Amino acid sequence: MVRCSAPGKVILFGEHAVVYGEPAIAIAVDRRVESTIESSSSETSVNGYKIEEDRHKYIYQCIQESGIEDHLEIVCESEIPSGAGMGSSAAVTVSIMAALDGVKGVDLDRYELARRAFDIEWKVQGSASPIDTSTAVHGNAIKLSKKKEKDFLWDVKKNENEWYVHHLDIPDMHLVVGDTGVHAPTGPLVQKVRRFYEKSNFAKEIIEDIGALVEEGCKAVERGDVEKIGRLMKEDQKLLSILGVSHPRLEALIKAAGRFSYGAKLTGAGGGGAMVALTDEPEKVAEAIKKRGGTPYIIEATKEGVKKEK
Ligand code: MEV
């Protein structure tokens, strides 16, 4: 029996633009997916149900990729709400892939795992950046850039894009996620932005503006300047809504959190899903989110990336 776990994430800056090679920053959070795999004498199952390609898209593709043909009993337990922009599919993919490697007796190779898990996300979603999968592997916080910088971890290539993934130290800061409850899978939102991007120079400019904002955001993170981080979060939110990925429920939660926050924005793919607020008063923000009908999660950053559990 092999058991592995991987964390979810929030994107502080740069979602969507990162798909086009622009920089982005993500923070691993203390909510994890734990996957347990053992061989089985009956058909391969996931949480007691026979595995199906459509229903268990990521897990199915991971098994195909592993080349394992034996029957497996898979249990996948998640503390991360799905379709809420918190990287649940990446945490599933990374923890399952690590556990399948364990079944094969292969040692955990973070660099290879980050690349392979990204390939699975790309295959299932039709397009993606390596931000979610690399955060699930590395934990901590990461910055993706167009070029190699200090604290470089690994690079990931796909078609015309090459992302350089870096470890990033973040200041102590309090983040509250607010789930709108509007389920919004990433793939269709990424496709929606791609259609806009391919038709319009204006969309390309917005993507580039987000990239420039992320570089500023990174400097603010390095200085621990929470006020500046908050201001940039608000600006990023404006640019994301021009791209068409906000949602009235997101706007309502962002407004509700705003009174007690340095800044707030959607996190992940948007279109529903979740927002994140940076605050010194997490309890008050959580209460405000709840009052507006959202589900709040006061989250802590975690240093722990993918790991083998006992
Ligand atoms: C999803 O968490 C973030 C997006 O930028 C998609 C991706 O980077 O794969 C929307």
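Coordinate-derived values only; no laboratory data. Every value quoted in this text rests on a predicted model; they were computed, and no experiment measured them. Backbone-built Cβ (ideal geometry, glycine too); neighbour counts: all protein chains shown.
Below is a table of values for the structure above.
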| quantity | calculated |
| --- | --- |
| Residue selected from the range 101-137 under the condition in a loop (DSSP other than H, G, I, E, B) and within 12 Å of the ligand (Cβ to nearest atom), by the criterion farthest from the chain's Cα centre (by Cα) | Gly126 |
| Test for Met233: is it within 16 Å of the ligand (Cβ to nearest atom), of a type in the set (A, V, I, L, M, F, W, C), in contact (Cβ under 8 Å) with a residue 60 or more places away in the chain and in a helix (DSSP H, G or I) | yes |
| Count of residues meeting criterion [closer than 18 Å to Arg292 by Cα and either surrounded by fewer than 24 Cβ atoms within 10 Å (Cβ to Cβ) or among the hydrophobic types (A, V, I, L, M, F, W, C) (or both)] in the range 224-262 | 15 |
| Filter result for the condition that a residue is closer than 17 Å to Glu309 by Cβ and either in contact (Cβ under 8 Å) with a residue 12 or more places away in the chain or part of a loop (DSSP other than H, G, I, E, B) (or both), over Ala84, Ala26, Ala90, Ala98 | Ala98 |
| Within the range 237-251, considering residues that are in a helix (DSSP H, G or I) and touching a helix residue (DSSP H, G or I) at 6+ places or on another chain (Cβ under 6 Å), the one farthest from Val276 (Cα to Cα) | Ile242 |
| Members of the range 23-45 found to be within 16 Å of the ligand (Cβ to nearest atom) and in contact with a Ser or Thr (Cβ under 9 Å, 6 or more places away or on another chain), listed by number | Pro23, Ala24, Ala26, Ile27, Ala28, Val29, Arg31, Val33 |
| Cross-chain or 6+ apart pairs with Cβ under 6 Å, the range 263-282 first and closer than 15 Å to Lys192 by Cα, then of a type in the set (Gly, Ala, Ser) and more than 12 Å from the ligand (Cβ to nearest atom) | Gly270/Ser246 |
| Set Tyr58, Tyr49, Tyr20: member being farther than 21 Å from Ala84 by Cβ, among the hydroxyl-bearing types (Ser, Thr, Tyr) and within 16 Å of the ligand (Cβ to nearest atom) | Tyr20 |
| Residue list for the range 45-67, restricted to those being acidic (Asp, Glu) and either touching a Cys at 6+ places or on another chain (Cβ under 6 Å) or under 13 Å from Val124 (Cα atoms) (or both) | Glu53, Asp54, Glu65 |
| Every pair of residues 6+ apart whose Cβ atoms lie under 8 Å, when the first sits in the range 32-57 and is without any contact (Cβ under 8 Å) to a residue 24 or more places away in the chain while the second is surrounded by fewer than 19 Cβ atoms within 10 Å (Cβ to Cβ) and in a loop (DSSP other than H, G, I, E, B) | Tyr49/Arg55; Lys50/Glu43; Ile51/Glu43 |
| Qualifying residue in the range 138-158 (condition: in contact (Cβ under 8 Å) with a residue 40 or more places away in the chain, in a helix (DSSP H, G or I), more than 11 Å from the ligand (Cβ to nearest atom) and not hydroxyl-bearing (Ser, Thr, Tyr)) | yes |
| Search result, residues across the range 55-78 that are in a loop (DSSP other than H, G, I, E, B) and either surrounded by fewer than 16 Cβ atoms within 10 Å (Cβ to Cβ) or touching a strand residue (DSSP E or B) at 6+ places or on another chain (Cβ under 7 Å) (or both) | Arg55, His56, Gly67, Glu69, Asp70, His71 |
| Residue within the range 79-92 that is more than 21 Å from the chain's Cα centre (by Cα), surrounded by fewer than 24 Cβ atoms within 10 Å (Cβ to Cβ) and away from the ligand (no atom under 16 Å from the Cβ) present | no |
